[in-house]
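First up is the structure itself, then whatever we jot down about it.
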Amino acid sequence: MKFSLIIPCYNESANLPLLLEHCKRLVARPDIEVILVDNGSSDDSSRVLKELLPAYPGCRSIRVEVNQGYGFGILAGLRAAEGEILGWTHADLQTDPMDVLRGLALFEHYGPDIFVKGRRYGRPIADTVFTISMSVFETLLLGKKMWDINAQPTLFSKVFFQRWHGAPLDFSLDLYAYYQAHIHNLKVHRFAVRFGERAHGVSHWNVNWAAKRKFIRRTIDFSLQLKKSLRK
C-alpha cells in the first residue's frame, strides 16, 4: 500500500454518501486506501458506514467510541494506516479528497522526505483575514514560516510520523505537524486547493466568533508550549 488517506468524521452522516463517492475515484488506484474515522459520532454515522462501505472496496473505517478531539481521531487513523505515505483531509467536502493526487505527485517527483500541504483559495474575506492574522502570529512566535496552517490536505511519510511525540489531540494537530516538518528540515511544498461550501451541516469550530475565540485560545496555548520547547 503506497498511500493512506485519513478522514476524521464527527457527526457527518449526511455527508458520508457523497464523501464515499468522491473517495471511490481515489481507491480506483490499488495503491491508495481511505480510512474514515468515526470519531465518536452521536448521529447515524456508524450505521451509514456499515451499510455503505461494502460497496467501496479500498475504503474502510475505524471507530473511536468517545470523541476526544479532532487530533485524537486523526492519530487513531494514522496508527491504523498501512501506507508508506500518510495524509489527512476533512469530511465536509469543502476541499475535494481528489486533491491528494496532486500532493502525491510531489512525492513521486521529490521523494519521501518532504511535507505537503494544500493552500486554500475561494474563502470568505473574514476567514481569509483571520487565517492571515494567525499565520503572521505563528510565524513571528515560532520563527518558522507557518502559512494557512489548517489548510488541507496534509501529506507526509510514515517515517516522519513515527518521530512524533506528544502530538495534541485537538485542532492544534495541524500546527504540530507543520512545525515538526520545519524542525526535521523537511522541504515544505504547498499547492492551491479550492475551498468551497459545506455540502451538509455546519463547522464544529467556525460557527461564530465565540467558537473562534475558543479556537484561538487553544492554539495560542499550544503555540506557547512549542515556543517553550525550543528553549530546552
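Look at Cys9, Cys59 and count the other Cβ atoms within 10 Å of each Cβ; fewest to most, that gives Cys59, Cys9.
In the range 3-230, taking the dipole from charged Cβ atoms about the Cα centre, the farthest positive-side position among Gly71, Phe215, Ile183 is held by Ile183. Projected onto their three principal axes, the Cα atoms of the chain cover extents of 50, 41, 33 Å, largest first.
By DSSP, the beta bridges lying fully in the chain are antiparallel in about 20 percent of cases. Residues Phe156, Phe107, Phe161, arranged from fewest to most other Cβ atoms within 10 angstrom of their Cβ, appear as Phe161, Phe107, Phe156. Counted by neighbouring Cβ atoms within 10 Å, the residues Thr139, Thr131 run from fewest to most as Thr139, Thr131.
Each reported figure results from applying straightforward, stated rules to the coordinates on display, with no laboratory input. Keep in mind it's a predicted model, so treat the numbers as computed, not measured. Here Cβ is always computed from backbone atoms with ideal geometry, including for glycine, and neighbour counts include all displayed protein chains.
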